[in-house]
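Chemist: Below: one structure in structure tokens.
The values are calculated or read from the model by the stated rules, or taken from the named source; none is laboratory data. All figures in this text were calculated on a predicted structure; none of them were measured in a lab. We place every Cβ from the backbone using ideal geometry, glycine too, and count neighbours over all the protein chains shown.
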Amino acid sequence: MGSRQPLNVIDLDGPRLSVLSASVAGSKIAARTWLAAARPEGVAADDAEAVGRWVGEELRKAGLHRHRALLAVSRSDVVLKSMDFPVAAGMSDAELAGAVRLQMSRQLTMPLEGTAIDYAKLSEKPAEGGQLATVAVLAGAMPADRVNWCRAMARAAGLNLHRIGLRCCGVAALLGEISQRRDGPVLGIAPGWASAEFVVVRDGQMVFARAVDIVRPGADEDVSAYAERIAVEAKRTWMSYQGARGSSPVQMIAVVVEPELASAVGVRAEQALEVPWEPVAAPAGTEFASSIDPRERAAATALIGMVLEEALDRPRLDFANTKKAVDPSAIRRQRVLLGVLGAILVSGTSWVLAQQSLDALARRVAAAKQTQTERRDEYERYQIEFLRVNHLERWRSVKVDWLAHLSAINEQLPDPRQATADEISGRVASAEVSFSPKKSEFVDDDWTAQQLLEFVVRGRVNHRDVAADLRGRLMNSKLYTVENKGPDVPDKFSLSLLTTQATPAEKVEKPEPKPAAPPPAAPAPAGKEKAK
């Protein structure tokens, strides 16, 4: 487990530099040196070379070597995705690395060129019920500009960059054993100098993480306000994880920070999430050098998690040495090809000529396949255009013989002495073109066009029975569906005529007009009636 050679964990959190030099021997972690320094005002944070020279100078002052440097970066510097992949029998790690890179490239919004993509296996599910085995991985992508900054800083500092890891993964390593003793997930909080890491760990594995920029309060600043904001972000972290995963409730809150600040943060987080909290100390078996102040040991605990992650030798993210999709059988294939090449050279001219003939035939086959593909594409484009043209032609075929309909309606109107038509209007209420496929070629398929016409006839009548007679004749014509339109009054009519025929199917004969009803006789004078 681990190595006796010291490992320098370097953490640049805002304007603060923290360095822990530790080594692993057996089951023990020996913390040898702790360094904390503030970045000078003249060193710009985005100037990688200037920051690197300052880090190198601080390491020189502390007497620390520059080999096996582990650079801890914030969760906000990378994109993390949890993914599940089906694993076929004999699938190598290199093939899995290629699948992870392909899947991440589809989900990233950043340019893929120069982006460091790595993954760590979380769990494996064996094949069952005819289904392939699956492997769950935690994939991460660090943007190219951030990777270049880290490498440029390490070169300027004279560091031998052993690994670029995530600070949140170190926190998860500290909480691994705690989470395995719980029935549900554990929420870890690790406040830093200029940011805070929030980690959800379940069954020893990190399943969710986020980072928030929160500057640690000074000696005279309000610690309660800082703890309040940490609690709000902790609750937000848990709600984000639970909303995406639908997980069981959080079992405990673990705070990785010195006791004074941990108490304020833990109590406020406990009130916000209504679950107990407890501080997280360095792992059992950790030995601190006497030169490390006891007050600084708690601040070094989060970085000890990075050492622990390295010592456990379990799958982890490394953005300095990403897993490559290299074919392990490439060397064997090259040897076989060299042997084949030697056989070709030895076999003689006749075999070479035969091979050239086979190559020519293969090119002809490839050309024929290319031609077939092009013709198939042309035929598909023809089918699309054919359908479009037919669609347009069917729409154009929807025509209405308005004059014929007007004539048919006019023939049904009563004698002008009995009724007067004030308005006759017509419109296309609806029209549609439908398509019924019969074959895959679409050539002989059925196109049908149908429309619904509405005619409105309004006017005045002398008697109510004239309007009723008009309605009956229009209904008996079997050309229109007749509906009353508006209120039913004795001296007026308003009818809606609906039909699906673009032109009358047959001319409706106008029935013999009824003779006009004689006007009612005027009443006789009273005197004359008595005389009679």
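Chemist: Of the numbered conditions (1) over 30 Å from Pro40 (Cβ atoms); (2) touching a residue at least 24 places away in the same chain (Cβ under 8 Å), His67 fails exactly one; give the number of that condition.
Modeler: Against the list (1) over 30 Å from Pro40 (Cβ atoms); (2) touching a residue at least 24 places away in the same chain (Cβ under 8 Å), His67 comes up short only on (1).
Chemist: If only one of Val207, Val232, Val199, Val186 is under 18 Å from Val275 (Cβ atoms) and touching a Cys at 6+ places or on another chain (Cβ under 7 Å), which one is it?
Modeler: Val199
Chemist: Do we have Arg68 as surrounded by fewer than 16 Cβ atoms within 10 Å (Cβ to Cβ), charged (D, E, K, R) and within 40 Å of the chain's Cα centre (by Cα) here?
Modeler: Considered against the rule, which asks whether it is surrounded by fewer than 16 Cβ atoms within 10 Å (Cβ to Cβ), charged (D, E, K, R) and within 40 Å of the chain's Cα centre (by Cα), Arg68 comes out as no.
Chemist: Quick one: which residue in Arg376, Arg427, Arg364 is free of Cβ contacts under 8 Å to residues at least 40 places away in the same chain, assigned by TED's automatic domain parsing to the domain that holds Leu474 and basic (Lys, Arg)?
Modeler: Arg427
Chemist: Return the residue satisfying two criteria in turn: it lies in region 20-77 and is touching a His at 6+ places or on another chain (Cβ under 6 Å) and not charged (D, E, K, R), and of such residues it is farthest from Pro191 (Cα to Cα).
Modeler: Checking each candidate, the answer is Ala69.
Chemist: Here's another thing I want to ask about it. Tell me, yes or no, whether region 391-410 has at least one residue that is loosely packed, with under 11 Cβ neighbours inside 10 Å and either in contact with a Leu (Cβ under 8 Å, 6 or more places away or on another chain) or at pLDDT below 80 (or both).
Modeler: yes
Chemist: Out of curiosity, is Arg216 buried (at least 16 other Cβ atoms within 10 Å of the Cβ), touching a residue at least 40 places away in the same chain (Cβ under 8 Å), of a type outside the set (A, V, I, L, M) and assigned to a strand (DSSP E or B)?
Modeler: no
Chemist: Here's a follow-up. Applying the selection to region 7-19, what residues are among the polar types (S, T, N, Q) and either in contact with a His (Cβ under 6 Å, 6 or more places away or on another chain) or under 10 Å from Ala300 (Cβ atoms) (or both)?
Modeler: Ser18
Chemist: Please give the number of the condition Ser74 fails out of (1) buried (at least 19 other Cβ atoms within 10 Å of the Cβ); (2) over 30 Å from Val135 (Cα atoms); (3) of a type in the set (Gly, Ala, Ser).
Modeler: (2)
Chemist: In addition: Please enumerate the residues belonging to region 443-479 that are of a type outside the set (D, E, K, R) and in contact (Cβ under 8 Å) with a residue 60 or more places away in the chain.
Modeler: Result: Leu474, Ser477, Leu479.
Chemist: If you scan region 352-375, which residues turn out to be β-branched (Val, Ile, Thr) and farther than 21 Å from Leu341 by Cα?
Modeler: Listed by number, the residues that qualify are Val365, Thr371, Thr373.
Chemist: Take region 116-161 and flag every residue that is within 25 Å of Val79 (Cα to Cα) and part of a helix (DSSP H, G or I).
Modeler: Ala144, Asp145, Arg146, Val147, Asn148, Trp149, Cys150, Arg151, Ala152, Met153, Ala154, Arg155
Chemist: Oh, and also: Condition test on Thr322, is it of a type outside the set (A, V, I, L, M, F, W, C), closer than 30 Å to Leu175 by Cβ and assigned by TED's automatic domain parsing to the domain that holds Arg146?
Modeler: Answer is no for this residue.
Chemist: For residues that are touching a Ser or Thr at 6+ places or on another chain (Cβ under 6 Å) and not hydroxyl-bearing (Ser, Thr, Tyr), scanning just region 25-61, find the one that is surrounded by the most Cβ atoms within 10 Å (Cβ to Cβ).
Modeler: The qualifying residue surrounded by the most Cβ atoms within 10 Å (Cβ to Cβ) is Ile29.
Chemist: For region 180-211, which residues satisfy the criterion of being without any contact (Cβ under 8 Å) to a residue 40 or more places away in the chain and either β-branched (Val, Ile, Thr) or in a helix (DSSP H, G or I) (or both)?
Modeler: Result: Gln180, Val199, Val201.
Chemist: Run Glu113 past the list (1) surrounded by fewer than 13 Cβ atoms within 10 Å (Cβ to Cβ); (2) under 21 Å from Asp77 (Cβ atoms); (3) touching a residue at least 60 places away in the same chain (Cβ under 8 Å) and report the number of the one that doesn't hold.
Modeler: (3)
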